[in-house]
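Note sheet for the following structure.
The values are calculated or read from the model by the stated rules, or taken from the named source; none is laboratory data. Predicted, not measured: the structure shown is a model, and the values here were computed from it. Positions of Cβ are backbone-derived with ideal geometry, glycine not excepted, and every protein chain shown enters the neighbour counts.
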Amino acid sequence: MKLIDSIPYGNPKAASKQMEFVTVMVAGQLLGLPISRVHDVFVVSEMTTVPLAPGEIAGLLNLRGRVVTAVSLRRRLGLGDTYEGGRRMAVGLENQGEAYGLLVDEVGEVLKLNPDEMQPNPVHMDRGWVGLSQGVHQLRDQLLIVLDVDAVLAFETEREAA
Amino acid sequence: MDDLLLEFLTETNEHLETVDVEMVRFEQDPNNEAILSNIFRLVHTIKGTCGFLGLPRLEALAHAAETLMGKFRDGMPVTTPSVSLILSTLDRIKEILGELERQGAEPEGSDSDLIEMLDKMASQEPTAQEVAPAPKTSQTSGAAVYQVLERELKPGEVSLDELERAFREAPGPEKATTAGTLAYQVLERSLKPGEVSLDELERAFREAPGPAALVIEKPMAKASNEKPTALAAVPAVSKKNMDPAEAGESGEAIPGKVQTIRVNVDTLEHLMTMVSELVLTRNQLLEIARRSSEDHGYKVPLQRLSQVTAELQDGVMKTRMQPIGNAWQKLPRVVRDLSNELSKKIDLVMQGADTELDRQVLEVIKDPLTHMVRNSADHGVESPAERKAAGKPEKGTIRLNAYHEGGSITIEIADDGKGLNFAAIRKKAAERGIASDAELERMSDAQVAKFIFHPGFSTAAKVTSVSGRGVGMDVVKTNIELIGGTVDIRSEQGRGTTFTIKIPLTLAIVAALIVSSKDQRFAIPQIAVSELVRVSPTSEHSIERINGTPILRLRDRLLPIVPLSKVMGLSGNEDVNHGFVVVTQVAHQRFGILVDGVFHTEEIVVKPMSSKLRHIQLFSGNTILGDGAVVLIIDPNGLARMVGSDADRNEFQSDANLEQAAVAADELTSLLVFRGGSESLKAVPLSLVTRLEEIEASTIEWSSGRPVVQYRGRLMPLVSCDEELAIKREGMQSLLVFSDGDVSMGLAVAEIVDIVEDKLDIELLAERSDLVGSAVVRGRTTEIVNVAHYLPMVLETWSRKERKGRPERSLLLVDSSTFFRDMLVPVLKASGYRVQTASTAQEAVRLLSSGLHVDVVVTDLELSGHSGFALVASLRADPHHTTIPVIGLTVRSDPQQIALARKLHISEIVSKIDRRGLLSALAELNETLEEAA
């Protein structure tokens, strides 16, 4: 299984054992993103929707003068959008030189977890989810799915075959 | 490496590039003295500089080349081998320069091979090097100039030495003057056109020491001011040598020298970024000022700031613009070398070389362009023999054309060669598994052509040193798309291939009109906008409709109107009559974009679209407005493409479109109109539908995740007609049942709307495989569903089983309607036939007479322009085809037709809409064929 290549700074010994994850909530499910991939966390103010865009793309955001593509994690996970106004949170990611904002329901704390303790995906997990998940961590009171950031941002856009 | 050498390298490389181009021109036009003298001057400059810098190899090479060129000037015939020799000498010089750049010193090695050849070539005609001068000098002035120069240059050093000595010995006035003259003398060596005056100068110096020196003292003083210590040091001297070289180029015609400096590109880039930021900040300030009604006294300075910013921006933009000709410079040489290597005759025509575009863009397209031209020369243009056989002139033409169009630049690379081999591409695509046979069958040639952009795709029969390795076209596409451009191919068998590259003018700043549609703002590049018209039903300008299509009468001309909300999918189908029409001009097309509101124009910094959104051709980028909002920039070219009015100027593809138009003109088709998951209407030809059913959703069973239903004692797979529509779990589900032999498929739809008879005029070809395209049916835009898309999804297994063990039969389908061909081909294929199609009787005859073997011919008896009966009659007249079984398709059969059919041995006449009848007729034929065999 592919692990995240970059290792957090600090004590190298501890670093080899511990990985930090930014946790987010989507539809009541706790998910973790490797902290090395997360640029920032921000509140979404104004979003421009893009007509004719693939469903996963919620719109475009202005993040400090940079145009950021907002991707709905809910829709990526095959869940319906239930946005009803109020505060919208996004996790800023970077992929192949482009900035993305991953829209989530809520952003939680940063967790330090040992990669060795990660369990593979349950066999009967939803197909769509398996592709986006690197594995599952068992926390005391709930399960945390480790998101594969590259997979989350790698959705098909070119509809034409040629 | 010292600066001097660096500068020398840059200069020399530039000169060499010019020489390359000029040399090719010269070969074609050997009598053009201006070209020759230009080349001569450049080579001489190189030689002179090398001498100063102590680069013996380069100097010797340049000298030898120069000698040969001197012969040309003396009247030696210009031959291809001699030009090739000079070109390869230039290549060697470039090689050495490359080494020099890497290692800071001239590499070891000998050039005696080249020099020997050059000398040999030069001595072939031992004409009057020494004889010529005197008479020529007194003849024409132009020749005389160079003659004199020649004389001085060849033995150059000596005369200069003498000159120097003369100066030194001359009773010169004072030291400063001496310094000046020394510098000038150096200048003389490289500055070719100046010799007449130098002659005089020399004489003047020799004869009269005092006043003459003073006359030339002015330029001298300037030179020596630059480096007062220049006296004897060689580097300093040659440094000056550069300046006069430049001066020489422009100084000939214009007395006031054009001042240029070299600036590091990074500096310019940084400047550009800062200006972009400045523009953004200015926009923000303007926005604040616009909102507050009070004037705190800053509005006037703000206006000024705005103005200055605009000017600054203009200026900086100019530093980035370069003529596209810079990217073309290498091409004449490339084409020349290729045509020699491949023994082809190729003309390279370049138009619009002075079209300017952003330096950054230019860099990116340079290599793709070269690659495409090489491709055209190698694959496109045929050999002279082939061309002659095809009735074309022996000499092929590659045409490069660049022009501005609607805020972007279009570059065309066209050849008049053999065109793309679509059959080979289809075959290759199938081999490589890029597309299935069924998919390929449905694709238009234009779609098939796009396969050449797939990585590793090459149909070249043999790999040449030039191309055919299958690397390249994908890189070309990637490079161009990287900067937000597009590549299109048009190709016609035997007539050539045209690549059209559209790239944004600049990656930076454009003026844009901000408009709104359904509460969302968009930017339209100002350059594409020709005027704005306010429309409302009561005003002078109102939107009228022809069969539901909005039209605006504008100064007695009809302007097609594209409601922005509609193309964006922001609104349903309601008719909008209020708003503004943005009259847009893209190339030869004019159309109006109907928007709800128009705000203002703003300078926007174009930011590229996210790679996830780049496939939406409607947008060329996005930007952040003064108020911080992100808006999308509409690409007028993309919009024009989307509304489909682009077709009329597309000379190659127009055939297909004409064909469709012809179908529309004479055929009324019964269409079943239904609704899928979204609001839009869909339709399918009624003839293809076997039955309409409504079933209880609870009877739908899910077998391995796929919905099936028990239907007439068999399991029938169900498919949803589009992604948005989920098959119902409860209530009643409407189905369109398509049957194919014993196999049925149910297409789940949301609602069956109507059955209408209308002209089927497919206006927009869909890029999605599940749609044939969109058509206006009863005044509503309707998507025509491609049943062929669904059939293989569920029927694959059956058709394969059925086919097993039976030899594949080949079949020729002749039908003038693209639509019917598209519909029937997958069905026939699924029944185990290899299908060839022809749209006209003529095409069918051509195919058959060219040796195509088919077991069965299925033809429409009412072919447009030519009766199907006539086709069969001509087949029967051909001894090869007297017995070939023919099945006729007709809309209505009458006794007269049947009698005629019998006479022509047409096995069966089947109603055109009776697919089952056709299949059983074929099956029957098959049996008789098998029996016979």
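List every residue pair whose Cβ atoms lie under 7 Å apart, where the two residues are 6 or more positions apart in sequence or sit on different chains, the first residue falls within region B:15-35 and is free of Cβ contacts under 8 Å to residues at least 12 places away in the same chain, and the second residue, located anywhere, is surrounded by 14 or more Cβ atoms within 10 Å (Cβ to Cβ).
B:Asp29/B:Ile35; B:Asn32/B:Phe26
List the number of the failed condition for B:Ile543; all other conditions in (1) more than 32 Å from the chain's Cα centre (by Cα); (2) crowded, with 21+ Cβ neighbours inside 10 Å; (3) closer than 27 Å to A:Gly59 by Cα hold.
Only one criterion in (1) more than 32 Å from the chain's Cα centre (by Cα); (2) crowded, with 21+ Cβ neighbours inside 10 Å; (3) closer than 27 Å to A:Gly59 by Cα is unmet by B:Ile543, namely (3).
Are there any strands (runs of 3 or more DSSP E) wholly within region B:675-732 with 2 or more residues that are without any contact (Cβ under 8 Å) to a residue 12 or more places away in the chain, and if so which?
Details: elements: B:681-685, B:691-696, B:701-703, B:706-711, B:714-720.
Those strands (runs of 3 or more DSSP E) span B:701-703, B:706-711.
Can you find even one residue in region B:847-856 that is surrounded by fewer than 17 Cβ atoms within 10 Å (Cβ to Cβ), more than 43 Å from the chain's Cα centre (by Cα) and either in contact (Cβ under 8 Å) with a residue 24 or more places away in the chain or within 29 Å of B:Val772 (Cα to Cα) (or both)?
No, region B:847-856 contains no residue that is surrounded by fewer than 17 Cβ atoms within 10 Å (Cβ to Cβ), more than 43 Å from the chain's Cα centre (by Cα) and either in contact (Cβ under 8 Å) with a residue 24 or more places away in the chain or within 29 Å of B:Val772 (Cα to Cα) (or both).
When the residues of region A:141-161 are narrowed to those that are loosely packed, with under 13 Cβ neighbours inside 10 Å and at pLDDT below 85, which ends up farthest from the other protein chains (Cβ to nearest Cβ)?
Initially, region A:141-161 is screened for residues loosely packed, with under 13 Cβ neighbours inside 10 Å, giving A:141-142, A:156, A:158-160.
Within this subset, residues satisfying the condition of being at pLDDT below 85 are A:156, A:158-160.
Values: A:Glu156: 9, A:Glu158: 5, A:Arg159: 6, A:Glu160: 5 Å.
Checked region A:141-161; the qualifying residue farthest from the other protein chains (Cβ to nearest Cβ) is A:Glu156.
This table checks each residue for (1) part of a strand (DSSP E or B); (2) in contact with a Gly (Cβ under 9 Å, 6 or more places away or on another chain); (3) within 14 Å of chain A (Cβ to nearest Cβ); (4) within 30 Å of A:Glu46 (Cα to Cα).
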position: B:Leu513; (1), (2), (3), (4): yes, no, no, yes
position: B:Arg521; (1), (2), (3), (4): yes, yes, yes, yes
position: B:Leu532; (1), (2), (3), (4): yes, no, no, yes
position: B:Ser539; (1), (2), (3), (4): no, no, no, no
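Looking at region A:81-99, which of its residues are small (Gly, Ala, Ser), within 12 Å of chain B (Cβ to nearest Cβ) and part of a loop (DSSP other than H, G, I, E, B)?
Listed by number, the list holds a single entry, A:Gly97.
In this structure, does B:Ser680 turn out to be at pLDDT 80 or above and closer than 26 Å to B:Asp822 by Cβ?
So B:Ser680 fails the test.
Working carefully through the options B:Gly98, B:Gly51, B:Gly70, B:Gly109, find the one that is more than 40 Å from the chain's Cα centre (by Cα) and surrounded by fewer than 18 Cβ atoms within 10 Å (Cβ to Cβ).
B:Gly109
Wholly within region B:1-106, which helices (runs of 4 or more DSSP H) include no fewer than the required count, namely at least 3 residues that are of a type in the set (Ser, Thr, Tyr) and more than 21 Å from B:Asn326 (Cβ to Cβ)?
Because the criterion is at least 3 residues that are of a type in the set (Ser, Thr, Tyr) and more than 21 Å from B:Asn326 (Cβ to Cβ), the helices (runs of 4 or more DSSP H) in region B:1-106 that meet it are B:80-103.
Of the conditions (1) surrounded by fewer than 24 Cβ atoms within 10 Å (Cβ to Cβ); (2) at pLDDT 85 or above, B:Gly592 satisfies every one except a single condition; which number is it?
With respect to (1) surrounded by fewer than 24 Cβ atoms within 10 Å (Cβ to Cβ); (2) at pLDDT 85 or above, B:Gly592 is out only on (1).
If I go through region B:618-638 residue by residue, how many of them are under 27 Å from B:Arg590 (Cα atoms), more than 9 Å from every other protein chain (Cβ to nearest Cβ) and not in a strand (DSSP E or B)?
4
Scan region B:327-351 for residues that are basic (Lys, Arg) and buried (at least 21 other Cβ atoms within 10 Å of the Cβ) and jot them down.
Listed by number, the residues that qualify are B:Arg336, B:Lys344.
State which residue is nearest to the other protein chains (Cβ to nearest Cβ) when the search covers only region A:103-124 and only residues that are within 17 Å of A:Gly28 (Cβ to Cβ) and surrounded by 15 or more Cβ atoms within 10 Å (Cβ to Cβ).
A:Leu103
Taking region A:63-75, which residues are surrounded by 21 or more Cβ atoms within 10 Å (Cβ to Cβ) and either polar (S, T, N, Q) or away from every other protein chain (no Cβ under 12 Å) (or both)?
Answer for region A:63-75, where residues must be surrounded by 21 or more Cβ atoms within 10 Å (Cβ to Cβ) and either polar (S, T, N, Q) or away from every other protein chain (no Cβ under 12 Å) (or both): A:Thr69, A:Ser72, A:Leu73.
Does A:Gly55 meet the test of being more than 8 Å from chain B (Cβ to nearest Cβ) and more than 23 Å from A:Val22 (Cα to Cα)? Working first, answer last.
Working: more than 8 Å from chain B (Cβ to nearest Cβ): yes; more than 23 Å from A:Val22 (Cα to Cα): yes.
Criteria met by A:Gly55.
Quick one: would you say A:Arg127 is among the basic types (Lys, Arg) and away from every other protein chain (no Cβ under 14 Å)?
Judged against the criteria, A:Arg127 is not a match.
Conditions tested, residue by residue: (1) modelled with pLDDT of 80 or more; (2) under 34 Å from the mean Cα position of the chain (by Cα); (3) within 19 Å of B:Gly104 (Cα to Cα); (4) not β-branched (Val, Ile, Thr).
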site	(1), (2), (3), (4)
B:Met1	no, no, yes, yes
B:Glu7	no, no, yes, yes
B:Glu17	yes, yes, no, yes
B:Pro30	no, yes, no, yes
B:Ile35	yes, yes, no, no
B:Ile39	yes, yes, no, no
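Of the residues B:Lys450, B:Lys392, which single one is closer than 20 Å to B:Arg490 by Cβ and either away from chain A (no Cβ under 14 Å) or at pLDDT 80 or above (or both)?
Only one candidate qualifies: B:Lys392.
Could you tell me whether region A:115-122 includes any residue that is part of a helix (DSSP H, G or I) and touching a Leu at 6+ places or on another chain (Cβ under 9 Å)?
Scanning region A:115-122 turns up at least one residue that is part of a helix (DSSP H, G or I) and touching a Leu at 6+ places or on another chain (Cβ under 9 Å).
Which ones in region B:352-373 are aliphatic (A, V, I, L, M), buried (at least 17 other Cβ atoms within 10 Å of the Cβ) and either touching a helix residue (DSSP H, G or I) at 6+ places or on another chain (Cβ under 8 Å) or without any contact (Cβ under 8 Å) to a residue 24 or more places away in the chain (or both)? Write out each step before concluding.
Filtering region B:352-373 for residues aliphatic (A, V, I, L, M) gives B:353, B:357, B:361-362, B:364-365, B:369, B:372-373.
When the remaining residues are screened for being buried (at least 17 other Cβ atoms within 10 Å of the Cβ), the result is B:357, B:361-362, B:364-365, B:369, B:372-373.
Once the filter is applied, which keeps residues that are aliphatic (A, V, I, L, M), buried (at least 17 other Cβ atoms within 10 Å of the Cβ) and either touching a helix residue (DSSP H, G or I) at 6+ places or on another chain (Cβ under 8 Å) or without any contact (Cβ under 8 Å) to a residue 24 or more places away in the chain (or both), region B:352-373 yields B:Leu362, B:Val364, B:Ile365, B:Leu369, B:Met372, B:Val373.
Name the one entry in B:Glu269, B:Glu294 that is at pLDDT below 80, within 40 Å of the chain's Cα centre (by Cα) and exposed (fewer than 15 other Cβ atoms within 10 Å of the Cβ).
Residue meeting the stated conditions: B:Glu269.
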